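Worksheet: one structure, shown below.
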Amino acid sequence: MPQRELITRIQTHFATPAGKRLALWLAFFIFWAGAASYLPYIGVYYESVGLKGGQIGQLNSIPYFITLISSILFAFLSDKTRRHKLVLAVCILGVIAVLFIYPTARTFSAFVPIVLAYSILHAPCNAILDETTLAALGNSHEYGKIRVGGSIGWGIMVLVTGYLLDRLSIGLPLIFYLYIFFSVVFLVNIAFLPGAHPRSTNPEQQASLKKVMGLLRQPGFLPFLLVLIIWGLGEASIQNFLFLHIKHLGGSSTLMGTALATSLIAEIVVFSLADRIQARLNPFLLVLLAFVVLFAWLTGLSLIRNPHAIPFFQVFGGAGYALLQSGSVAYVDRRAPREIGTTAQAVRGGVYAGVGVGVGSILSGMIYEAAGSAALFRSMSLVALGGFLLGLLTYLFERHCQSRVRRQTHRDPS
């Protein structure tokens, strides 16, 4: 009886507005804590089994290319059926199964099908989490306060993982076992997430491919997606080769974890203040600020020669992702009809990660293998500068279109 009463009280709490926010915060914390034990270290793991820079870049690019298709298909399915939690649980179960197989591979060809399976199943999770949060909150300005849970989880576990790798005899396969543990915990947490709004019987309020195409045809939306692709190109170089850069400068696994963990300080601050920032700035302006940060981040990394200086510089760099995520999520949320909200966020994430980071991973691998990490970061800083200029032009174009619509409406009030 006491156990049933406790379970009932827990369920009752998570049904309240405060409980829903806590469940969502924990979901992001657990999800990104698991990813932090795997994603930053997978390039080092590949190199430890004998893969070359080009092969590492190709393997790391697979999840991003798959994201473009898989996340959109699963997200549209969850929008259509309104069974977001079920789709999310099935995907996480598949990820757990794949992670058990991962350590058995030793060659490039053996890794390819494993990475493919992981990518297909993992791709939709972030979009479903984002839209579940936006639907529960009802206000995109408050998204950052929930999403910051993921940043804290990432920061803690990337540091803990580096520490454990240096002190346990298990070796790099430890990253898979940690990821499995957090994935199992995440499965439990899914049960407490807010459910989707009931599916409407009105065809006009249901998800459809026509509404998705209508979103893509909105003025300025496709150029905005192109801007996200360019940001992904620059981010890919840091995401895939920062730890190898530290390694070749003489840094340890603990330093790698410290560098990535300290970048979370600025990220957490920006996510926590996102509602106040968006109250003053257009979401697109947040994306432009993210490019300024990315340019400075890449330029600094290309110049640093002492690996122990990198963690201090990473504090500045962490703000870029928070600005991009907060701005782009809010921008798409304002543009998309609610009934295709998950699909719209999947398009955003799929284009940014699937094309931007995916192509960036391959390009980064080629540049890294040919010229080293310093040249890689220097080249990508110029890409980031070009993305800022394109984004600025896109923003001005949107402002012009909106001004023209307002003038037409003023002239023809009917």
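Computed from the coordinates by the stated procedures, all read-outs in this text should not be read as laboratory data. The structure displayed is predicted, hence computed values, not measured ones. Don't worry about glycine lacking a Cβ; one is built from the backbone with ideal geometry, like all the others, and counts go over all protein chains shown.
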The range 61-169: trypsin sites (Lys or Arg not before Pro) in DSSP coil with no more than 14 other Cβ atoms inside 10 Å
Arg106
Just want to confirm a number: the relative contact order over the chain, from Cα pairs under 8 angstrom separated by 6+ residues, in percent.
28 percent
For Ser403 paired with Arg334, estimate the spin-label separation in nm (one decimal), with each label point 7 Å from Cα along the Cα-to-Cβ line.
1.7 nm
Note down the magnitude of the dipole of the chain about its Cα centre, charges +1 on Lys and Arg C-beta and -1 on Asp and Glu C-beta and zero elsewhere, to the nearest 20 debye.
860 debye
Cα-only Debye scattering, the range 270-352: base-10 log of I(q)/I(0) at q = 0.12, 0.15, 0.20, 0.26 Å⁻¹
-0.43, -0.62, -0.90, -1.18
Running Debye on the range 218-295 with equal point scatterers at the Cα sites and no solvent, what base-10 log of I(q)/I(0) appears at q = 0.28 Å⁻¹?
-1.28
Applied in sequence order to the range 269-280, the curve 6.51 cos²θ - 1.76 cosθ + 1.60 (Karplus, θ = phi - 60°) yields integer Hz couplings, x standing for Gly and Pro, of 4, 5, 4, 5, 9, 4, 5, 6, 5, 5, 5, 10
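With Rg and the Kirkwood Rh both taken from Cα atoms, where does Rg over Rh land for the range 352-402? Working shown, then result.
Values: Rg = 14.4 Å, Rh = 12.5 Å.
Reported Rg/Rh, Kirkwood definition of Rh: 1.16.
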D (µm²/s, integer) via Stokes-Einstein for the range 64-197, Kirkwood Rh across alpha-carbon pairs, 37 °C, 0.692 mPa s: value 201 µm²/s
By the C-alpha gyration tensor axes a ≥ b ≥ c (rounded if a/c is under 1.5, else prolate when a/b exceeds b/c, else oblate), the shape of the range 31-89 is oblate
Across 5 Å bins from the origin, how do the percents of Cα pairs in the range 12-113 run, short distances first?
2, 10, 14, 19, 19, 14, 10, 6, 4, 2, 0
When the helix-only estimate is applied to the chain (DSSP H runs of n ≥ 4, each -39,500 (n - 2.57), divided by the residue count), what is the mean residue ellipticity at 222 nm, nearest 500 deg cm²/dmol?
-27000 deg cm²/dmol
Along its three principal axes, how long is the chain when you only count alpha carbons? Whole Å, largest extent first please.
69, 63, 38
Could you give me the ³J(HN,Hα) list for the range 56-69, computed from phi with Karplus coefficients 6.51, -1.76, 1.60 and θ = phi - 60°, whole Hz, x at Gly and Pro?
4, x, 5, 5, 5, 7, 4, x, 6, 5, 5, 4, 4, 9
Using only the Cα atoms of the range 318-381, what do you get for the radius of gyration and for Dmax, in Å?
15.4, 47
